[in-house]
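The values are calculated or read from the model by the stated rules, or taken from the named source; none is laboratory data. From a predicted model like this one, the values you see are computed outputs, not experimental measurements. Heads up: the accessible areas ignore ligands, DNA and RNA and are worked out on the full protein's heavy atoms, side chains in. Shrake-Rupley method; radii C 1.70, N 1.55, O 1.52, S 1.80 Å.
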Amino acid sequence: MYAFLFLAVPAFLAWFCLTDKKYQFKSYIPALITGFLLGAVICCVKEFLIFSPDAANSGPESEFLCIFIEENLIPLLLLSAVGLLFSKDTAEYKIHAALPYFASAYSTMVPYFSVSCSETESLFMLIMSPLLTLFSVILICVLIKKAYLSFTKKQTVKFILFCAAVLAAMAVPGAIRTMWMFRVSAFIYIPLACIFIVLSFIFYILNLNDEKKSERQPIFMSM
């Protein structure tokens, strides 16, 4: 069970980097290293500087907000800020490299979030939660790409809708995990989790079919 927890995200990263047709594998190496290190830093900050309330002593709304802010919103904003500030590559590459960049950070954070949970032996935290987080990141990256394209085409309404969808995609894993923590019926949160995973996968595959192949080879975080 722990093997899946620690290897799920790295396995997806390996598959993505080796099968991606747009850029060569070596183009992603700096992004992967940077994301992994930033993920480790975020874990250390959360462990030693941020003290979250125990689920048993807080309501579902409070627990959901803690998960959403500490495990999704702040990490993704921090990762985005670092990528935008220090990378001098094209916007097209930054958008495309967001998936391996974010996922490499979560390859560190996902095991930490699950192991630090009070119910570390739960199948939900060992299997379902990592899958929800991974497909949430995948969906977020696709939506960011759609939002960027809408912005460049000056399609304001679509841009706003895609940005709102990004926030919704961030919230889903926390919402489902909160249902699990507060003992909502499994017949409710498991179908919801499966629907989210399947829809995210379909959306990702459809996005792949829409992308044009190219042979550009920029280097992420270049000076």
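Quick notes on this one:
- Residue within the stretch 79-90 that is under 14 Å from the mean Cα position of the chain (by Cα) and either under 15 Å from LEU131 (Cα atoms) or in a helix (DSSP H, G or I) (or both) present: yes
- Among the residues of the stretch 162-193, the ones that are on the phi > 0 side of the Ramachandran plot and within 18 Å of the chain's Cα centre (by Cα) come to 0 in all.
- Any hit, the stretch 8-31, residues being under 19 Å from the mean Cα position of the chain (by Cα) and open to solvent by 90 Å² or more (accessible area, probe 1.4 Å): yes
- Among the candidates GLU70, GLU47, residue that is modelled with pLDDT under 90, open to solvent by 40 Å² or more (accessible area, probe 1.4 Å) and in a helix (DSSP H, G or I): GLU47
- Within the stretch 91-131, restricting attention to residues that are of a type in the set (D, E, K, R) and assigned to a helix (DSSP H, G or I), the residue that is nearest to SER27 (Cα to Cα) is LYS94.
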